[in-house]
1. Can you tell me the dipole magnitude for the range 65-291 around its Cα centre, using point charges on the Cβ only (Lys, Arg +1; Asp, Glu -1), in Debye to the nearest 20?
2. Carbon and sulfur: what percent of the chain's accessible surface (1.4 Å probe)?
3. Magnitude of the Cβ-charge dipole of the chain, K/R +1 and D/E -1, about the Cα centre, nearest 20 debye?
4. In Å², what does the accessible area per residue of the range 146-266 work out to with a 1.4 Å probe?
5. Ranked from highest to lowest mean number of other Cβ atoms within 10 Å per residue, what is the order of the peptides 329-342, 199-212?
6. Going by the alpha-carbon gyration tensor, a ≥ b ≥ c the square roots of its eigenvalues, is the chain rounded (a/c under 1.5) or, if a/c is not under 1.5, prolate (a/b greater than b/c) versus oblate?
7. If you wrap a convex hull around the C-alpha atoms of the range 257-392 and split its volume per residue, what is the figure in Å³?
8. Using a 10 Å cut-off on Cβ atoms, rank the peptides 164-177, 350-363 from the highest mean neighbour count down.
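The values are calculated or read from the model by the stated rules, or taken from the named source; none is laboratory data. As the structure is a prediction and not an experimental result, all values here were calculated from the model. Positions of Cβ are generated from backbone atoms using ideal geometry, with glycine treated the same way; all protein chains shown enter the neighbour counts. Protein only, heavy atoms only, side chains kept; ligands, DNA and RNA dropped before computing areas. Shrake-Rupley method; radii C 1.70, N 1.55, O 1.52, S 1.80 Å.
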Amino acid sequence: MGLVDPQSLALGPSLWYRTPARMTKFARRMDRVEMSGIRRIFDLARQMTDAVDLSLGQPDFDVPGPIKRAMIEAIERGYNRYTVTQGMPELIEGLRRHLQRDSGFKDGGILVTAGTAGGLFQALAVLVEDGDEVVVPDPYFALYYHLVNFFGGKPVLLDTYPDFRIRPEKLEALLTPRTRVIVFNNPVNPTGVAYRPDEVAAICDVAKRHEVLLLSDEIYSAFSYDFPHESVLKHDGNALLVGGFSKTFAVTGWRLGFAAGPRDIIEKMAVLQQFSFVCANAPGQRAAITALDVDVSAYVDAYRKKRDFVVAALKDRFDFVRPQGAFYVFPKCPWGDDEAFVRKAIENKLLIVPGRATSKRTSHFRLSFAVSDRQLERAVEILNKLADQNRA
Ligand code: PMP
């Protein structure tokens, strides 16, 4: 254990009084990062018994058997040491084949990362410096906003309310000579929007005309319910793709992701990986080679059914966009602001995420439907009751 027991943080500042100020003077970049609002809800959940938890974005299904066995076997067969920084060559080749087949990837570089979050961290670290502008569609996955700030950049928010789709002309209007990166997420956390080929092409067209790098987070690519996922790589040979294994194979704790794109960017990210994460989880990389060929369509079909169930169950009392991908719904609060509504939900043993954790607006909330059918039934019952309470 380090100098500070994390448990003591929960007990308040009294335990800190002897810590010399010199030791708790933090780098100024930390002033620009706040604790994730989603984590805060998660911490609350741990103290509650019998709550329905729709707050965290991770699949409820178990890791598919062949992937589990590949992981166990990898550990037993000695894949427990550092791998090369870039990732195991067989995994990189497997990723290349899959990206060429499914995403129109041509001849860029590939880096195996410590989760998609690791890939995003490295991409933004090597690309963004003081004063650089980074376009981030709002609502957003919170990490984009905080990391851009952390690296000294300025998040320029592209408001996508009320239908949560990016309009190319609105995107174009935000670009300036200081724009360094456009962040794109498809399918979107938290709204469930998924983009069709013509929309992806139009967004790529703006990036290409302005010679701005598109950083596309496609971690939910497997969870596209109404049409096949369309990658930016099909339309923009200079885009940088990040993705991962966490959601598709229910291995969020394994920390496995990848980045694919222009070789010079990937090489810079690998340099930073050498001095930060070193490499991605080694036995996990072995298991990931197996995972690439595991068919998850039955899981996706089950999630489509969950999507249909939530949509049907909430549509009369809530205002929301029908999700086409990922596993979230982002409804407008039927009354009050997000904090008031979420507080009431928590009092009723339902954990959801206030919109402000993932947007500049405070009118919506996020729920994850990646939970058991029983939990989902309980959740919609509570939500509908809360909506009716206000009507009464
Ligand atoms: N991107 C998005 C849009 C996400 O929702 C998440 C996880 N919630 C991540 C990246 C991070 O995923 P990973 O576990 O691969 O780091």
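1. In total the dipole reaches around 720 debye.
2. 52
3. Value, rounded to 20: 760 debye.
4. Accessible surface, normalised per residue, equals 35 Å².
5. For the peptides 329-342, 199-212, the packing ranking is 329-342, 199-212.
6. The shape class here is rounded.
7. Numbers: hull volume 23.6 nm³, N = 136.
In the range 257-392, the Cα hull volume divided by residue count equals 174 Å³.
8. My ranking of the peptides, most packed first, is 350-363, 164-177.
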